[in-house]
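The values are calculated or read from the model by the stated rules, or taken from the named source; none is laboratory data. Just so you know, these numbers come straight off a predicted model, no measurement behind them. We place every Cβ from the backbone using ideal geometry, glycine too, and count neighbours over all the protein chains shown. Surface accessibility is based on the protein's heavy atoms, side chains included, excluding ligands, DNA and RNA. Shrake-Rupley method; radii C 1.70, N 1.55, O 1.52, S 1.80 Å.
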Amino acid sequence: MSRHSALTDTRSRVAARPRVLVVASGKGGVGKSSIAVNLGITLARRGRRVGILDGDTGLANVNILLGLRPQQGLAEVLAGECGIRDILLEGPHGLKIIPGASGIREYAELSGAHQQRLAEELANIEADFDDLLLDTAAGIGDTTLDFLAAGHQVLLVLTPEPTSLTDAFSLLKLALRRQALDVRVIVNMVADVAEARSVFQRFANAVEKYLHTRVEFLGFVQRDESLRSAVTLQHPVALFAENDPSARPFQRLANALEDSLPHEDAPAFSLFWRRRLQQDDPAAHTPLGDARPQAPALAAEPPSVDHASEASEASDGLGSEEGVLGRLRAAFDAALEVSEPEALAVELDAMHEQYRARTGRAAIDLVALVDALQADPEAHAGLLGRLRARLAPAMDAPQDVAAPATMQAGEGRRPGADRPPPDFGWKGRDESTARPARAGSASRVPATAYDAARFGPQEALLERLRQGGDDAPTLAEFLRRM
């Protein structure tokens, strides 16, 4: 069975939703949009239904790389002037492009109303795709961080430049404060695999040390003049012959992606936005129209009840706490029979958040819930893995310096989250990588530092060397005698 057939068979057992791949970078100009377009074309050439959402809602450019000129874009969709199907552009090999908003300041960061509108429209087209690639804006804006949290996998693009690594580290640090992420790194603009691995290893080591999480290596793209020319000609290299050297990096990336699928319990992209908006304002709820069957309002009162009916219910005990809870349970049982599990889960999450905001505590026995998940680990492997990644930093917290009072109160911030980015090896090795001290030495001296304790002040050493005369020994011999 081929890679693509195995992937299709596996996905047929998962709810109909696309695999959401978020292409991101901390720094601009690292080739993020070019990678998103070429990877999308490569996946589409393999028969997959692929869409690219230009998530740069301030300076969109995916359509420019393909030479497409949209009449309308995401700005018109968010303004309610048209639907998302009205702006879909047809790209090569059936690739669909959702053009972003360009040069419109009010859409650079999406408001709550715009996010709600985006969720409604995405729910209408999600079933049309196998893969949905999100080309995000560079930087650490709230909309970019929301896109990272909504995706199934984050494809983080790096280059060998120090600024690329430090900016990517800062982006990842902020994104991990929201939730655990499945991050795959693509190293762009390198000479060969050895340089790519070296860049990735420096970044991965810093992430594991300071952010207490791990990132995976997905692949690399070499420095290639054809890629530069392709941008100018608006003809991506993925349209070249499949055995062309410029197209091979994206073939390798596509192969690597086929080895990883989103977790079966990962929510659909549109449902993430619904859930996030309800967490921001639990009382606010705008239905998704005809996109999905809606669960009934579980705690809703009958539409019209007169005072006589209220008195009758009270006399029968139905207006008591027991009666209200009984009606709530009956409504839940009815919703469980007719609602889609995902839609019902959204409603339950919103109600639980409302309960927690009102009472200040969770309504669910979390220990019992974890026990239930562990009772069938294979069925809940994805969720258990994310829980483990999320809880690991908290287990390490007592080893760190005492956190501020706000962090001790449970804001969920990771150890080391406020430290400055590491230097990734450019400023010399730090104390943790310094050469070990000799036996009996009182302290360790970094390998690149002058050992004043052994040779004395540098000025005195220089003067002794000057006084050596013509018959002075070699420098190595001179230092040995000292």
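In this structure, does Leu118 turn out to be at pLDDT below 85 and in contact with a Phe, Trp or Tyr (Cβ under 7 Å, 6 or more places away or on another chain)?
yes
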message: Just to be sure I understand, how many residues within region 213-244 are out of contact with any Leu (no Cβ under 9 Å at 6 or more places or on another chain), open to solvent by 50 Å² or more (accessible area, probe 1.4 Å) and in a loop (DSSP other than H, G, I, E, B)?
response: 6
- prompt: Can you pull out the helices (runs of 4 or more DSSP H) entirely within region 290-376 that have at least 1 residues that are at pLDDT 65 or above, open to solvent by 90 Å² or more (accessible area, probe 1.4 Å) and aliphatic (A, V, I, L, M)?
  reply: 321-338, 366-375
query: When region 151-176 is examined, which residues are found to be assigned to a loop (DSSP other than H, G, I, E, B) and either of a type in the set (Phe, Trp, Tyr) or open to solvent by less than 10 Å² (accessible area, probe 1.4 Å) (or both)?
result: Thr159
- request: Identify, from the list Ile64, Ile87, the residue that is within 30 Å of Glu258 (Cα to Cα) and either in contact (Cβ under 8 Å) with a residue 40 or more places away in the chain or of a type in the set (S, T, N, Q) (or both).
  value: Ile64
task: Would you mention how many residues in region 177-189 are among the basic types (Lys, Arg) and either touching a Lys or Arg at 6+ places or on another chain (Cβ under 9 Å) or not in a strand (DSSP E or B) (or both)?
output: 2
statement: So, first residue of a type in the set (S, T, N, Q) in region 209-228, second residue surrounded by fewer than 17 Cβ atoms within 10 Å (Cβ to Cβ), Cβ within less than 7 Å, six or more apart or across chains; the pairs are Gln222/Ala191; Gln222/Asp192
- request: For Val50, state whether it is among the β-branched types (Val, Ile, Thr) and either at pLDDT 90 or above or touching a strand residue (DSSP E or B) at 6+ places or on another chain (Cβ under 6 Å) (or both).
  value: yes
Filter result for Thr143 (among the hydroxyl-bearing types (Ser, Thr, Tyr) and open to solvent by 10 Å² or more (accessible area, probe 1.4 Å)): no
field: Pairs, first free of Cβ contacts under 8 Å to residues at least 40 places away in the same chain in region 146-170, second buried (at least 21 other Cβ atoms within 10 Å of the Cβ), C-beta under 8 Å, six or more apart
entry: Pro160/Val187; Pro160/Met189; Pro160/Val199
- line: Heads up, the helices (runs of 4 or more DSSP H) in region 21-97 (entirely inside) with at least 2 residues that are among the small types (Gly, Ala, Ser) and open to solvent by 10 Å² or more (accessible area, probe 1.4 Å) are 32-45
message: If Leu148 satisfies all but one of (1) at pLDDT below 95; (2) assigned to a loop (DSSP other than H, G, I, E, B), what's the number of the condition it fails?
response: (2)
task: Can you confirm whether region 112-122 contains a residue that is in contact (Cβ under 8 Å) with a residue 12 or more places away in the chain, open to solvent by less than 30 Å² (accessible area, probe 1.4 Å) and under 23 Å from Gly29 (Cβ atoms)?
output: no
